[in-house]
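To start, the structure itself, in structure tokens.
The values are calculated or read from the model by the stated rules, or taken from the named source; none is laboratory data. Just so it is clear, the structure is predicted and the values come from calculations on it, not from any experiment. Here the Cβ positions follow ideal geometry from the backbone for every residue, glycine too, while neighbour counts run over all protein chains shown. What goes into the accessible areas is simple: the full protein's heavy atoms, side chains included, and nothing from ligands, DNA or RNA. Shrake-Rupley method; radii C 1.70, N 1.55, O 1.52, S 1.80 Å.
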Amino acid sequence: MIIDKNINPERDLYYLGGILIDVLENNNIKEVDYMDLYSLFKVKKDVTINLYSLTLDWLFILGLVTKGDKGKIKICF
């Protein structure tokens, strides 16, 4: 039997991805700079830049964000 010992579910990429999507939707963002988005995200959820990067990677893998013009993050939803 496998027991989930995740004592910090607020650090899961699923959870953080949902928060980041919420930030993008509530700010009506279609394309944004990496650090500008991090600043907005950090207001909603205090995370390290490493965890933010992993969350953004997760959204990229899901096809919800992509690379836009001049290195910006482009929203695909």
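Quick notes on this structure:
- Dipole orientation for the chain: of the candidates Y14, G68, N28, G68 has the Cα lying most toward the positive pole (charges on Cβ; Lys, Arg +1; Asp, Glu -1).
- With every protein chain in place and a 1.4 angstrom probe, the accessible-area ranking of Y34, Y52, largest first, reads Y34, Y52.
- Angle between the chain longest axis and helix 49-61 axis [Cα atoms, degrees, rounded to 10]: 80 degrees
- Gain in span if fully extended, N26 to K44, counting 0.36 nm per residue against the direct Cα distance: 5.4 nm
- Values of log10 I(q)/I(0) for segment 38-77 across q = 0.15, 0.19, 0.27 Å⁻¹ run -0.37, -0.58, -0.99, by the Debye formula with one identical scatterer at each alpha carbon and no solvent.
- The accessible-area ordering, largest first, of the residues F77, F41 stands as F77, F41, per a 1.4 angstrom probe.
- Per residue, the Cα convex hull of the chain amounts to 98 Å³.
- The angle between the Cα long axis of helix 34-44 and the main principal axis of the chain comes to about 50°, on a 0 to 90 degree scale.
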